[in-house]
Amino acid sequence: MNLYIRYFNSEALVKNADEAIDFLSGIDEIGMNPVLEADIREYAESDVHFPKRYKIRPRVYFIIIKTEAATMLEFKEKRTVRPDKETEAKPKANSPIVMKLNAVRDGWYEGSLKFKRACIAASTGKFQYRDTVFVARMKANSGMDCYNRIVEHLSQRVDERSQFPSVKGKNFQFTYLGKAKQGT
């Protein structure tokens, strides 16, 4: 595990705590001391992967970040310190909600959408948001198609400031009602 260190325009990518301390000792404003050295060594050896910030004076800090990058260019291009193992293990496109929404099944659907509708308040003349539930039955080929048709329908009929929920959220539900008859 390497350490990226930055203090204003001075930055370095070092292999261990000793190299980090040598780099920081070369910056006069930091004022390297035994307490700071011990803390840097402790951080480098710990399992903590969050960046560490050290205060020099009010509103002036230097940071140390643990990284897998071998070079400065690799660190800057990746823009990542450490890959998240849970994120890699669960691809977003294969989540059960997305799979259910994208499952192609031609027929009749009933979709229910709870959205924030922008309405003018009679007493003040200002706009306010009201929770509104819209339910519709339609021919569609998937849950996603059902959602898109509802939002398209509503966006032509309500104030443009109205806010529609995410298709994957709890404010949109759909039910497959059955196959459409041929010729209809």
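The values are calculated or read from the model by the stated rules, or taken from the named source; none is laboratory data. Given the structure is predicted, the values throughout are model-derived calculations rather than measurements. No Cβ is skipped: glycine too gets one built from the backbone with ideal geometry, and neighbour counts run over all protein chains shown. Each accessible area value is taken on the protein alone, full model and side chains, heavy atoms only, with ligands, DNA and RNA left out. Shrake-Rupley method; radii C 1.70, N 1.55, O 1.52, S 1.80 Å.
Residue count for the range 56-78 under the criterion of being among the charged types (D, E, K, R) and at pLDDT 90 or above: the result is 1. Scanning the range 131-159 for residues that are open to solvent by 50 Å² or more (accessible area, probe 1.4 Å) and touching a residue at least 40 places away in the same chain (Cβ under 8 Å) gives ARG137, LYS139, MET144.
Annotation note: of LYS126, LYS168, the sole residue that is at negative phi, of a type in the set (Lys, Arg), open to solvent by 50 Å² or more (accessible area, probe 1.4 Å) and over 26 Å from the mean Cα position of the chain (by Cα) is LYS126. Among the residues making up the range 56-75, those that are open to solvent by 60 Å² or more (accessible area, probe 1.4 Å) and either under 14 Å from PHE8 (Cβ atoms) or touching a residue at least 24 places away in the same chain (Cβ under 8 Å) (or both) are ARG57, ARG59, TYR61, GLU68, ALA70, THR71.
Screening ASN9, ASN33, ASN2 for residues that are surrounded by 13 or more Cβ atoms within 10 Å (Cβ to Cβ) and of a type outside the set (Gly, Ala, Ser) leaves exactly one candidate, ASN2.
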